[in-house]
Every structure is written in C-alpha cells, then in structure tokens.
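See below for the structure under consideration.
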Amino acid sequence: MILKIFKIKEDKMIKDFINHIDNAIKSNKLFDHDAISSKYMTTYNYFSELDGREVFDVFKNKYLPEFSISECWGVKNEKNDEVYKHNHLNVGYKKNQGTYEVSGLMYLTDSEDGTHFNDLKITEKAEKGKVVLFTSNEYHSVPKIKDNNRYVISFNGYNKYYYDSYRSVL
C-alpha cells in the first residue's frame, strides 16, 4: 500500500544528497545487493551513520517525524541498470530487528523511469524531490533505465513508538 506521497522543494538538500552519493562512490563505500543491477549503491546506513547523517536527519525530522528510520542508502543508476522485483520486509543484515513497517524512495533527479509497484499495478513517476512512502511488504521494481545518472535515496523503518506507551501500570 502506498502510504503517502509528497515533494520536498529544498534544492540544497537534494544537491547535498547527490554529493554524498557521489562522494561515497569516489571513496568506494559501496554495497552489492541482488535486487539492484547498479554498481553504484552506497552502503546501508550511509546516511544514518556518519557520512550524510546531518542531511538525512534534517529531512527525517522535517518530513518523517512519525517514523523511526533505521537504515537508508543512496543509489546512482546508469543507463541499462535495473531494479528487480523485491520488497523491504527484512533487508540485508538487519533481519534480527524484525519486519520493517515503512519504506520509502526519494527521487533526487527527474527520470523517465519510475518505480513500478507490481501488485498495485501502478508506476510512480520519478520526479526530483518526490518522496513515496509505502508498506515494506509492497513489491516494486524499475525496468531497464533509459536515463543516465538517476539518483535515489531509499530507506526503511518503523512507526515511531515511545517508551511510555509500553509501560505497564501496576
């Protein structure tokens, strides 16, 4: 299910994200994943650990305060890259943290190639600044990319829970 679609308009934030992805590529902070044919996928947590955290935190605090984002990464696609059908229920090495509840895509560039949500039978157009939040069990894919330099930030997380809501009253 698509949960929310909105646009960010801060060009500086978008440029900062692209710069962080390009810097990760230059310093070889890359991760190989079987769902993405691109050779330019930054390491998981790249934007939520040291490099880029300040940029992602500004975005997260302004636009996603109702979620706890636990991982995110950047991808630079080139012509003929593709993203195979997959979901984000339990991604990578984080399987011990349980099933993700929310996932998202932030398009940093306009692209002819959108994201196809397979079971919903819809394709979300890739527009600079557009953010798509969806349930983590939603299968999605991107066909062979026609453009060069398609940049995306992806992320996973949970609904924000507060400690006090789980305290038992005795």
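Quick rundown of the values:
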| quantity | calculated |
| --- | --- |
| Verdict on Glu124 being more than 17 Å from Ile69 (Cα to Cα) and surrounded by fewer than 18 Cβ atoms within 10 Å (Cβ to Cβ) | no |
| Index of the failed condition, Trp73 passing every other in (1) more than 23 Å from Met13 (Cβ to Cβ); (2) modelled with pLDDT under 85 | (1) |
| Any hit, the range 44-64, residues being in a loop (DSSP other than H, G, I, E, B), among the small types (Gly, Ala, Ser), modelled with pLDDT under 75 and in contact with a strand residue (DSSP E or B) (Cβ under 6 Å, 6 or more places away or on another chain) | yes |
| The range 84-113 - residue that is at pLDDT below 85 and surrounded by 20 or more Cβ atoms within 10 Å (Cβ to Cβ) and, of those, nearest to the chain's Cα centre (by Cα) | His88 |
| Hey, Lys144 open to solvent by 50 Å² or more (accessible area, probe 1.4 Å), of a type in the set (Lys, Arg), under 29 Å from Asn23 (Cβ atoms) and modelled with pLDDT of 85 or more or not | yes |
| Any hit, the range 10-33, residues being surrounded by fewer than 21 Cβ atoms within 10 Å (Cβ to Cβ), modelled with pLDDT of 85 or more and in a loop (DSSP other than H, G, I, E, B) | yes |
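The values are calculated or read from the model by the stated rules, or taken from the named source; none is laboratory data. Quick caveat: nothing in here was measured; it's all calculated off a predicted structure. Neighbour counts run over all protein chains shown; Cβ positions are idealised from the backbone, glycine included. The protein model used for the area step is the full one, side chains on, heavy atoms only, and it has no ligands, DNA or RNA in it. Shrake-Rupley method; radii C 1.70, N 1.55, O 1.52, S 1.80 Å.
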